[in-house]
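In what follows, a single structure is set out as structure tokens and then discussed.
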Amino acid sequence: MVALPSLPLDAQTLKRWSVDEYHRMAESGLLAECDRTELLAGQIILRIAKGTPQVTALRLVATALDQPLSNQPFFVSTQDPIQLDDYSEPEPDLAIVKGNFLDYAAHHPTPQDICLVVEVADSTLKQDCEVKDKLYAQAGINDYWVLDLPQRQLHIFRTPTTTGYTSHLILKQDQQISPLAFPEIMLSLEKLLPPVV
């Protein structure tokens, strides 16, 4: 494959795609189903294929949250779209969403439907902590976590503003955390991380 030259483009001259336009591109076949993409701030971003540690960590987090939420009016959504605004439709690794999945048969969850967003980072830490954090904060997501697999730590972003989160804590693997909306659910970070091989 030939590498394309990097062009210094002015962000003001780039086309910002809306969520509706993004959906129409997918429906018309311009975006193939095999193209793993998400829409961030009007830009179509290719998603990196997930490695085994990332898949394992996502299953561990989902399992840890599924059971305590089983009798509550919430569900754990994995790798499904959420619509932050007219120009952003990310597909976070995990989200805790109000109601049940049938409530979203006609539309994706929006920020008021979401209690927690989790991204699992193996090679995407910079994007998750320096791009997505701002989009989630601007949308008013109160609790955003990034599980950093290489460093075996958890970034906790809270207190959103229009410019970003004002609280950013980093937990080590021997610490525990509860989602803001569910203080009774205590999670051990060590149990959310894949075993070291």
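Just so you know, all these numbers are worked out from the coordinates, no wet-lab data involved. Since the structure is predicted, the reported quantities are computational estimates derived from the model, not experimental observations. Cβ: placed from backbone, ideal geometry, glycine included. Neighbour counts: every protein chain shown.
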(request) Apply the Karplus parameterisation 6.51 cos²θ - 1.76 cosθ + 1.60, with θ equal to phi minus 60°, to every residue of the range 79-96 and state each ³J(HN,Hα) to the nearest whole Hz, in sequence, with x for glycine and proline. (result) 6, 10, x, 10, 9, 7, 6, 6, 10, 9, 9, x, 10, x, 4, 8, 9, 9
(message) If I take every Cα pair under 8 Å that is 6 or more residues apart in the range 50-192, average their sequence separation and divide by the length, what percent do I get for the relative contact order?
(response) 18 percent
(message) Run the simple label-point estimate for Asp174 and Asp86 please: 7 Å along Cα→C-beta, distance reported in nm.
(response) 5.2 nm
(message) List the lysines whose Cα sits under 22 Å from the Cα of Lys15, skipping any in the same chain fewer than 8 residues away.
(response) Lys132, Lys134
(message) Tell me the angle of helix 52-69 to the major Cα principal axis of the chain, expressed in degrees between 0 and 90 and rounded to the nearest ten.
(response) 60 degrees
(request) In debye, nearest 20, what is the charge dipole magnitude of the chain about its Cα centre with +1 on Lys and Arg Cβ and -1 on Asp and Glu Cβ, if you could check? (result) 420 debye
(message) Take Met186 and Gln67, extend 7 Å from each Cα along the Cα→Cβ direction, and tell me the distance between the two endpoints in nm.
(response) 1.5 nm
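Is it possible to state the helix-based mean residue ellipticity at 222 nm for the chain, with each DSSP H run of 4+ residues giving -39500 (n - 2.57), the sum divided by total residues, to the nearest 500 deg cm²/dmol? What is it?
-5500 deg cm²/dmol
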(request) Go ahead and collect, in residue order, the members of the range 54-80 whose backbone nitrogen is under 17 Å from a label point 7 Å along the Cα-Cβ direction of Ala26. (result) 77-80
(request) Please turn the phi angles of the range 101-115 into ³J(HN,Hα) values with the Karplus equation 6.51 cos²θ - 1.76 cosθ + 1.60 (θ = phi - 60°), one per residue in order, whole Hz, x for glycine and proline. (result) 4, 5, 5, 10, 5, 10, 7, 7, x, 10, x, 5, 8, 10, 9
(message) Using only the alpha-carbon atoms, how far is helix 19-28 inclined from the longest principal axis of the chain? Give it as 0 to 90 degrees, nearest 10.
(response) 70 degrees
